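These notes are about the structure you will find just below.
The values are calculated or read from the model by the stated rules, or taken from the named source; none is laboratory data. Computed from a prediction, not measured in an experiment: that's the story for all the values here. Keep in mind that these areas ignore ligands, DNA and RNA; they rest on the heavy atoms of the full protein, side chains included. Shrake-Rupley method; radii C 1.70, N 1.55, O 1.52, S 1.80 Å.
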Amino acid sequence: MSKAPSRLHWLSLGAPIALLVVLAAMTVFLAIDHLVLTRTERGWVNHSRDVIETTQSLFSSAVEVESAQRAYAFNGDGRYLEHFDSDSAQVASTGAKLRALAADSPEQSERVGRLVDSLSQRVAVSRQRVALYRAGRTDEARNSNQGAGKAAMDRARAAVAEIMRSENALLARRTANANRYEFIGFIIALAAGGLAILGLAITMGMMVTANRRLEQEIAEREAAQAAQRDSEARYRAIFANTTDMLSVIDVSPDGGFHIAEINPAYERALGTKNETVRGMELHGMARGPQLRALVEHLRRVVAGGAPAFTRDRINLPTGQRVWESIMVPVRGAEGRIERVVGSARDVTDREQSQERLRRAQRMEAVGHLTGGVAHDFNNILQVIRGNLELIASKITDKEATQRIKNALHGADRAAALTRQLLAFARRQPLEPKVVNLGRQVTDMAEMLRRTLGEGVEVETIIAGGLWNTLADPAQVESAMLNLALNARDAMPEGGRLTIEITNAVLDETYVRQEMEVEPGQYVLLAVSDTGHGMSKDTLSKVFEPFFTTKGEEKGTGLGLSMVYGFVRQSNGHVQIYSEPDQGTTVKIYLPRSHQSAATIEQADIGSITGRSEVILVVEDDDLVRASAVGMLRDLGYTCLHASDGAAALEVIKSGAKVDLLFTDVVMPGPVKSRDLARETLKLRPDLPVLFTSGYTDNAIVHHGRLDQGVQLLSKPYSRDDLARRIRGLLHAAQPVVLVVEDDPLVRMAAVDMVATLGFTPVQAADAIEALTILGGKGRVDILFTDIGLPGMRGPELAAKAAELRPGLKVVFASGYSENEEAHAIEGAAHLGKPYQHDQLAAVLGKAVA
């Protein structure tokens with residue numbers, strides 16, 4: 001009995017147990033079946049994804065091959081060939097992999113075959129072109145297989161599209177089959193038991209979640225890879241093309257520094273290649289001060305763990321440069337600083353620009369200061385000098401006369417000091433002319449020998465084919481004299497002074513290393529001595545005003561600064577070379593002129609005293625005006641005077657006789673000096689105008705040069721300077737009368753009378769001499785000729801003169817009765833002998849009216 005219930009119990013339990021077993025078996029079977037099915041379908045799904053990804057990778061590798069080929073063709077950089085070879089190999093290996101993946105499907109295998117063949121053809125075309133580029137056959141490379149590469153890529157794209165469509169369709173079918181099997185399994189499991197269904201549902205949920213996670217991870221991985229590729233490409237583009245010098249320094253665990261990489265800008269700066277310096281250990285190289293400084297900077301960055309900014313002077317093959325750098329530490333995964341990235345920038349040009357700006361500002365400040373002082377100071381000196389000269393001729397006491405001479409000498413030295421300051425500040429009014437420095441130095445050589453004394457040997461070297469230059473001859477002479485005197489002082493025991501003049505060309509390389517100089521053709525004036533020379537510290541200050549090594553009693557320190565200012569104002573360049581006990585060489589570069597050298601003619605103006613001509617003096621300073629008027633009247637001129645431009649213009653408009661306008665440049669009131677001159681010349685076109693000033697500013701001087709046609713007498717001027725300039729301008733403005741007379745006494749009297757009437761006489765003894773004068777370039781306004789000349793009579797001379805000088809005025813003089821030949825000359829005037837002074841004045845005045 002005891003066994004029966006037990007048996008029944010087991011029997012009653014047997015069905016459920018069996019059912020459970022069956023359900024369990026079915027669950028296990030379904031689970032196993034589902035697992036196998038899922039894995040199989042997943043495998044096919046992954047297989048399809050592999051086919052898609054491999055297809056895309058294969059096509060991308062082919063595109064990279066094409067890009068590398070084009071990049072190499074564009075700039076010839078051999079590094080792109082490394083990418084080309086690796087990508088070509090990648091195409092081959094990826095193509096083989098894709099063929100293996102598609103082997104299960106004949107149709108897909110055929111499509112893959114077309115794709116691989118097309119891409120292989122494209123790679124072959126690129127290989128052929130690269131080989132031609134390597135061989136230097138650029139044109140053949142560009143024209144080789146025109147269109148073949150594109151056609152292959154077009155076929156490849158079509159094959160890729162077919163593979164993608166096929167594989168996506170296959171993936172969709174396999175996914176649908178998997179879903180159908182899963183649904184059937186779900187129905188059976190639902191019938192078999194809730195636990196199996198629940199388990200299946202849980203399993204399916206886990207699978208879906210896993211699949212989604214997998215897809216998300218794949219997408220994130222692809223996005224990360226794309227971002228990394230873009231970042232690397234941008235980094236490489238910046239690294240290769242930036243003008244900043246970039247470097248990467250590896251930091252070893254033991255604190256060593258090794259060069260990992262430098263960019264092309266760094267290569268150009270150092271004159272080396274990345275391959276040459278890669279891997280070099282800086283500690284072993286750090287023997288020079290520059291490398292030691294670099295190692296110290298790197299140690300500071302590593303020790304502080306923060307970026308460091310540096311500024312260093314670097315000696316490069318192109319010269320010393322100034323670099324500003326930033327060094328940034330880069331930490332690895334463990335937090336240790338594994339490398340330092342450096343970025344350096346060449347700021348030498350900026351430094352030089354700033355230095356030029358500072359120098360220009362200093363020059364501008366000195367110019368304003370000098371200009372402001374020069375005007376008033378030179379006016380004061382003019383008053384002093386003018387009054388001293390006025391009383392000098394009235395004093396007979398020898399001691400007083402000597403004191404006046406001493407005072408005049410002091411005034412001259414003060415005026416010279418002001419001129420030197422204006423020269424340094426580039427504010428002196430230059431009168432440049434086209435000159436040949438070789439001729440000028442030759443003319444000065446003997447004067448220099450006398451000035452320097454017998455202890456100094458003067459040697460001149462003048463190159464053949466010397467160019468002309470545009471410069472102020474007086475300033476060139478002054479500069480040479482200054483340099484010669486400095487050389488003499490540097491050779492107290494005697495020596496040799498060499499003056500060399502030759503042609504020179506300053507190129508871009510030289511100009512980049514210097515300031516305030518333009519490349520081009522120059523005439524070089526080099527002055528060398530064998531004196532005691534100068535140190536570097538002295539050389540750095542040698543052009544500064546008031547700097548001198550001669551002591552306070554022996555020099556003002558303005559000689560070389562004046563030379564510097566004159567050369568720079570002439571658009572030239574000056575350089576000085578010197579070493580202690582090795583002598584000094586000063587090189588002056590003046591710009592070349594392609595014009596012919598100007599001929600400086602000294603007009604014979606005779607006496608420098610006046611002949612009662614009327615001078616209109618315009619000066620706002622009462623003392624200066626009184627001094628100028630006094631000197632002019634003392635010279636024999638009649639003076640009118642005005643305190644400003646408006647008053648002077650009223651005098652001109654009144655019709656008063658004025659033979660010359662003498663006006664200060666800086667004038668008060670609405671009518672400025674230039675306006676006065678312009679309005680005066682409108683009313684009196686032939687009236688000479690002479691400007692005077694202690695400082696001209698920009699009224700008649702522009703770009704450091706006197707305006708065209710402007711005559712300037714700088715203050716303070718001497719009595720003789722004033723007399724010569726006034727007489728010269730009046731002489732140039734006077735009509736020229738050619739007096740032709742065979743009788744010497746009559747000719748002499750006629751010439752004297754013509755001169756006293758305010759005309760410039762030129763004389764000839766006969767018609768032949770007169771025609772020679774008329775055939776030249778000299779000015780002749782009136783032909784005043786006797787009728788009865790020997791050889792050729794006056795009327796015949798007048799006819800030939802009219803052919804040489806159309807419009808020439810003719811005046812006949814004769815002691816005979818009226819001559820028909822003379823009256824046949826149209827427009828000729830007639831004067832009977834003997835004639836009076838007023839008769840001659842009337843006929844000559846009518847001729848020039």
### Query
So what are the ³J(HN,Hα) numbers for segment 157-164, from phi and the Karplus equation (6.51, -1.76, 1.60; θ = phi - 60°), rounded to whole Hz, Gly and Pro as x?
4, 5, 5, 4, 4, 5, 4, 4
### Task
With θ set to phi - 60°, apply the Karplus curve 6.51 cos²θ - 1.76 cosθ + 1.60 along segment 777-793 and write out the HN-Hα couplings as whole Hz, x wherever there is a Gly or Pro.
9, x, 6, 9, 9, 9, 9, 10, 10, 6, 7, x, 8, x, x, 9, 6
#### Entry: Probe 1.4 Å, protein heavy atoms only - accessible area per residue of segment 447-509 in square angstrom
48 Å²
### Query
Which aspartates and glutamates does LYS405 reach when only Cα atoms under 19 Å apart count, and residues fewer than 8 places away in its own chain are ignored?
GLU389, ASP397, ASP634, ASP720, ASP721
### Query
Given H placed on each backbone N at 1.01 Å, which residues far from LYS433 in sequence or on other chains put an amide H within less than 5 Å of it?
ALA471, ASP472
### Query
Amide H of GLY531: which non-local residues (sequence gap of 5 or more, or other chain) have their own amide H closer than 5 Å, using H built in the peptide plane?
GLY583, THR584
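Assuming 1.306 mPa s and 10 °C, estimate D for segment 461-534 with Stokes-Einstein, Rh taken as the Kirkwood radius over Cα pairs, in µm²/s.
Details: Rh = 14.2 Å.
D, rounded to a whole number, is 111 µm²/s.
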### Query
Among all the lysines, which ones have a C-alpha under 16 Å from LYS273's C-alpha, if same-chain residues fewer than 8 places away are not counted?
none
#### Entry: Cross-link pairs LYS672/LYS715; LYS97/LYS150; LYS394/LYS653; LYS394/LYS672 - those with Cα-Cα distance over 29 Å
LYS394/LYS653; LYS394/LYS672
### Message
Can you return the lysines within cross-link range of LYS777? Criterion is Cα-Cα under 29 Å, with same-chain partners fewer than 8 residues away left out.
### Response
LYS433, LYS682, LYS800, LYS809, LYS846
### Query
Mind listing the phi-derived Karplus ³J(HN,Hα) values for segment 642-659, rounded to whole Hz, using 6.51, -1.76 and 1.60 with θ = phi - 60°, and x for any glycine or proline?
9, 8, 7, x, 5, 5, 5, 5, 5, 4, 5, 5, 5, x, 4, 5, 9, 9
### HIS641 long-range amide H proximity, modeled H, under 5 Å
VAL617
